[in-house]
Amino acid sequence: MSTRGGTHLWVAQRVTAMFLAVAVLVHLATILVAVRGGLSAAEILGRTRGSAAWLAFYAVFALAAGLHGAIGLRGIAAEWLGWRGRGFDAAWLTIGLLTAIFGIYAALGLYAA
Amino acid sequence: MEQGTLRVSVWRGDAAGGAPQFYEVPARANQTVLDVVTHIQREIDPSLAYRFACRVGMCGSCAMEVNGRARWTCRTHVKKVAQDGTLELRPLANLPVIRDLATDMAPFFDKWARARGTFQPKDAPDGAVPAEFHIVPPATPKRQAADAGIECIGCGVCYASCDIVAWNPEYLGPAALNRAWTLVNDVRDGARQERLAVVAGDAGCHACHSTQSCTERCPKGIDPSGAIAGLKRTLFWNVFGVSR
C-alpha cells in the first residue's frame, strides 16, 4: 500500500467512525422505541416501508460499517498475521464492500417490502 | 562505602544468540547502573562489550534494558531499580545486537533518514547558507510545537520500548517520527509535503496505536506519541487540502 493510500484508508476509517458514533446511537434508540409495543415485523415494516429517509440512513450506515470494519481488520491482520501488501488490501476492500452491499440490500428489502 | 553485594544478570552473546551470565558486584551508595557495568568490565570480565561516552545524560549512548525497561544506565541509580539486590541487564530491544550490551543503532538512524529527518532550507534547496536569517518568533504555535520535540538526542529508548516496532520492523518508530514532526513545524523548512508523504501509511505514523510507551519512557521528557498524533492530524487535513 502506498503511503498516500494508507492516509486515505486511515481518513476513511476516522470519518466512518464519526458517522457511526451518531448512527449507532440512532440505531440503538430505534431498537428501544421499536420494542415498546412488542417486537413485530409489521411494526418494523410500517416504519421502513417506502421511507426514503430510513433507506438512506441504513444504506450509509451499512457502507460506513462495512468499510470501517474491513479497514480495522486489515490493520489487525497486518500486525498479527503479517498479511500486508496490495493483494491483501484488495481482498479487504472487497470484503468491506461486500459487507456493505449485503447491508444495503437488506435496507432495500425493508424499503420495498 | 560498600553496602553488601548486588547480583547482576548480564546478557552475553552476539547476533547469533546468547544467554545471561551472573556477576556479583559490590553495592555502593549513589551507584548508577553504568557504574555496575563498568565495574564488571574493569574488575571481573574485560571482554564485556557495552557502550557509553558522557556519563551525564548528554550523549544517549548508554541505553540498555534494565530489569525489562529501556533506560539510560548513566542516569539510573541502582537503588531505584534493583529488586531485592538483583539487576537484569540486556541490550536494547528491537535492535540487532553487535555483542553483549552493545546494539547496532544503524537501523534506528536509517529510519531517521527515511523519515526525511534532515532540514531542507526553503530558500536554499542546494543546502547553501541563506542570505538572510529567518525570523521565527518563539511564541508562535509552530515554533513551540517544534521546540517540544527538538531536544531528542537519539538514544533509542523510545524505539526499544515501542510495541509497534516489535510487530512491524518497517515501522519508522517514535524518534524518527518525532524528528519529522519538528521539521514539519519548522517554517524555514522547504520539504514539508515530501516529508508528510514518507511518514504516512502503514510503516509511518498511521501504524501507531498511541499506547505511549515512548512518551512514558523518554528520558528527556519528550512526547513522541503527541508528535505522531500531530502528524496524523496534519495528514488528515492535508487530504482535504487544508494546510495546518
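The values are calculated or read from the model by the stated rules, or taken from the named source; none is laboratory data. Every value quoted in this text rests on a predicted model; they were computed, and no experiment measured them. Neighbour counts are summed over all protein chains in view; Cβ atoms, including those assigned to glycine, are modelled from backbone coordinates with ideal geometry. Heavy atoms of the whole protein, side chains included, go into the accessibility calculation; ligands, DNA and RNA do not. Shrake-Rupley method; radii C 1.70, N 1.55, O 1.52, S 1.80 Å.
Given an 8 Å cut-off on Cα distances and at least 6 residues of separation, report the relative contact order of chain B as a percent. Can you show the working numbers first?
Numbers: 431 pairs, mean separation 40.2, N = 244.
For chain B, the relative contact order is 16 percent.
So what does A:W54 come to for accessible area, using a 1.4 Å probe and Å² rounded to 10?
60 Å²
Figure the gain on full extension for A:L93 and A:R14 (residue separation times 0.36 nm, minus the Cα-Cα span) and round it to one decimal in nm. List each step's numbers first, then the result.
Working: separation 79, 0.36 × 79 = 28.44 nm, distance 1.60 nm.
So the chain would gain 26.8 nm between A:L93 and A:R14.
Can you give the translational diffusion coefficient of the stretch A:3-112 in µm²/s, computed by Stokes-Einstein from the Kirkwood radius over Cα pairs at 4 °C and 1.567 mPa s? Let's see the in-between values first.
Numbers: Rh = 15.4 Å.
So the translational diffusion coefficient is about 84 µm²/s.
Quote the charge dipole size of chain A about the Cα centre in Debye, to the nearest 20; the model charges only the Cβ of Lys and Arg (+1) and of Asp and Glu (-1).
On the way: 8 positive and 3 negative charges, 26 e Å.
Dipole of chain A, to the nearest 20 debye: 120 debye.
Compute the Cα gyration tensor for chain B, then decide on rounded, prolate or oblate, letting a ≥ b ≥ c be the square roots of its eigenvalues: rounded whenever a/c is under 1.5, prolate when a/b is larger than b/c in the other cases, and oblate in all that remain. Kindly include the intermediate steps, with their values, before the conclusion.
Numbers: a/c = 2.43, a/b = 2.11, b/c = 1.15.
Prolate, since a/c reaches 1.5 and a/b exceeds b/c.
Give me the percent of the accessible area of the stretch A:3-112 that comes from carbon and sulfur atoms, probe 1.4 Å, all protein chains in place. Mind showing how you got there, number by number?
Values: 5040 of 6630 Å².
Within the stretch A:3-112, the accessible surface is 76 percent carbon and sulfur.
Which value, in Å², gives the accessible area per residue of chain B when a 1.4 Å probe is used on the protein heavy atoms?
I get 50 Å² per residue for chain B.
Mind ranking A:R86, B:R75 by accessible surface for me, highest first, 1.4 Å probe?
Numbers: A:R86 185, B:R75 155 Å².
The residues order as A:R86, B:R75, largest area first.
Do any residues of the stretch A:11-55 lose at least 50 Å² of accessible area when the full set of protein chains is present rather than just their chain alone, and if so which, with a 1.4 Å probe?
Buried-area filter returns A:V11.
For the stretch B:2-103, what is the relative contact order in percent, using Cα pairs closer than 8 Å and at least 6 residues apart in sequence? Don't skip to the answer; put the middle values down first.
On the way: 199 pairs, mean separation 33.2, N = 102.
Relative contact order for the stretch B:2-103 comes out at 33 percent.
For the pair A and B, how large is the buried accessible area, both sides, in square angstrom to the nearest 100, if the probe is 1.4 Å? Walk me through the numbers before you get to the answer.
Working: alone 7450 and 12670 Å², together 18940 Å².
Summed over both sides, the interface buries about 1200 Å².
Can you give me the relative contact order of the stretch B:106-239 as a percent, contacts being Cα pairs under 8 Å and 6 or more apart?
Details: 182 pairs, mean separation 40.6, N = 134.
Computed over the stretch B:106-239, the figure is 30 percent.
Let a ≥ b ≥ c be the square roots of the eigenvalues of the Cα gyration tensor of the stretch B:140-244; is it rounded (a/c under 1.5), or, if not, prolate (a/b larger than b/c) or oblate?
Details: a/c = 1.95, a/b = 1.27, b/c = 1.53.
In terms of gyration-tensor shape, oblate.
Once a ≥ b ≥ c are taken as the square roots of the eigenvalues of the Cα gyration tensor of the stretch B:1-75, is the result rounded (a/c under 1.5), prolate (a/b larger than b/c) or oblate (a/b not larger than b/c)? Show your work: numbers first, answer last.
On the way: a/c = 1.63, a/b = 1.08, b/c = 1.51.
It is oblate, given that a/c is not under 1.5 and a/b is not larger than b/c.
Run the numbers for A:L73 and A:L28: contour at 0.36 nm per residue of separation, minus the present Cα-Cα distance, in nm.
Values: separation 45, 0.36 × 45 = 16.20 nm, distance 2.37 nm.
Fully extending the segment from A:L73 to A:L28 adds 13.8 nm.
Convert each backbone phi in the stretch B:210-220 into a coupling constant with the Karplus relation 6.51 cos²θ - 1.76 cosθ + 1.60 (shift: θ = phi - 60°), then list the ³J(HN,Hα) values in order as whole Hz, x for Gly and Pro.
6, 7, 6, 4, 4, 5, 4, 9, 4, x, 8
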